[in-house]
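Notes follow the structure.
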Amino acid sequence: MKRVLISTLLLAALCVCEGIQFGQLCSGNPSNRRRTQDIWGQGQYGAGRGGRTHKGLDIVCGDGDTVYAPLDVTLHGKVIVYTDPAKAAINSGINLRGEGLCFKLFYVDPVKTSGKILKGEILGTMLPMQSVYPGIHSHVHVQMCDKTIDPTLYFN
Ligand code: ZN
């Protein structure tokens, strides 16, 4: 009996999260189109990156495009993406929480780093990715705080 109850509660929790869908992330990409193969690699969760794997999902976004909050979120400070000074032009992101999720967006210059932003409101600007990775499909990298979770779950 106890086990049945616990299973039911777990299922209920899963259903809440599965119902969450990220809204439009980038002004130039209303359908949240994902980065596919380019000369630098692929954008899906789990893609190979030399000796490691890609722990996020890349959503296409043109350099300088406006980035929107994909959910009602609270902001929890900037992300340092790289230590390599050669990548300084795109070394910014933002830590976010909202609707029960904890996640990060990379390659975004945020309008602020604390407080709240509602879904669809302006969160920041896409950084000049072509200056660091010429020929790449410029993108915002979406990564859950728990890297074992594939953010694709939250995109249609
Ligand atoms: Zn990525």
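The values are calculated or read from the model by the stated rules, or taken from the named source; none is laboratory data. The structure presented is a predicted model; accordingly, all values stated were derived computationally and were not measured. Here the Cβ is made from the backbone with ideal geometry for all residues, glycine too, and neighbour counts use every protein chain on show. Note: accessible area is taken over every heavy atom of the protein model, side chains too, but ligands, DNA and RNA are not part of it. Shrake-Rupley method; radii C 1.70, N 1.55, O 1.52, S 1.80 Å.
Quick rundown of the values:
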{"quantity": "2 or more residues modelled with pLDDT of 95 or more, touching a Lys or Arg at 6+ places or on another chain (Cβ under 7 Å) and more than 11 Å from the ligand (Cβ to nearest atom): qualifying strands (runs of 3 or more DSSP E) within the range 50-93", "calculated": "73-79"}
{"quantity": "Residue tally, condition under 12 Å from the mean Cα position of the chain (by Cα) and either basic (Lys, Arg) or within 11 Å of the ligand (Cβ to nearest atom) (or both), over the range 134-156", "calculated": "7"}
{"quantity": "Condition check for residue 118: in contact with a Gly (Cβ under 6 Å, 6 or more places away or on another chain) and among the hydrophobic types (A, V, I, L, M, F, W, C)", "calculated": "no"}
{"quantity": "Failed item, numbered, when residue 69 is tested on (1) closer than 21 Å to residue 55 by Cβ; (2) open to solvent by less than 30 Å² (accessible area, probe 1.4 Å)", "calculated": "(1)"}
{"quantity": "Residue in the range 114-133 that is among the hydroxyl-bearing types (Ser, Thr, Tyr), closer than 20 Å to residue 60 by Cβ, open to solvent by less than 20 Å² (accessible area, probe 1.4 Å) and within 16 Å of the ligand (Cβ to nearest atom) present", "calculated": "no"}
{"quantity": "The range 61-78, residues that are of a type in the set (A, V, I, L, M, F, W, C) and touching a Ser or Thr at 6+ places or on another chain (Cβ under 7 Å)", "calculated": "61, 67, 75"}
{"quantity": "Considering residues of the range 39-49 that are outside any strand (DSSP E or B) and open to solvent by 50 Å² or more (accessible area, probe 1.4 Å) only, the residue farthest from the ligand (Cβ to nearest atom)", "calculated": "39"}
{"quantity": "Total residues in the range 82-94, condition touching a residue at least 40 places away in the same chain (Cβ under 8 Å) and either touching a Ser or Thr at 6+ places or on another chain (Cβ under 9 Å) or among the acidic types (Asp, Glu) (or both)", "calculated": "2"}
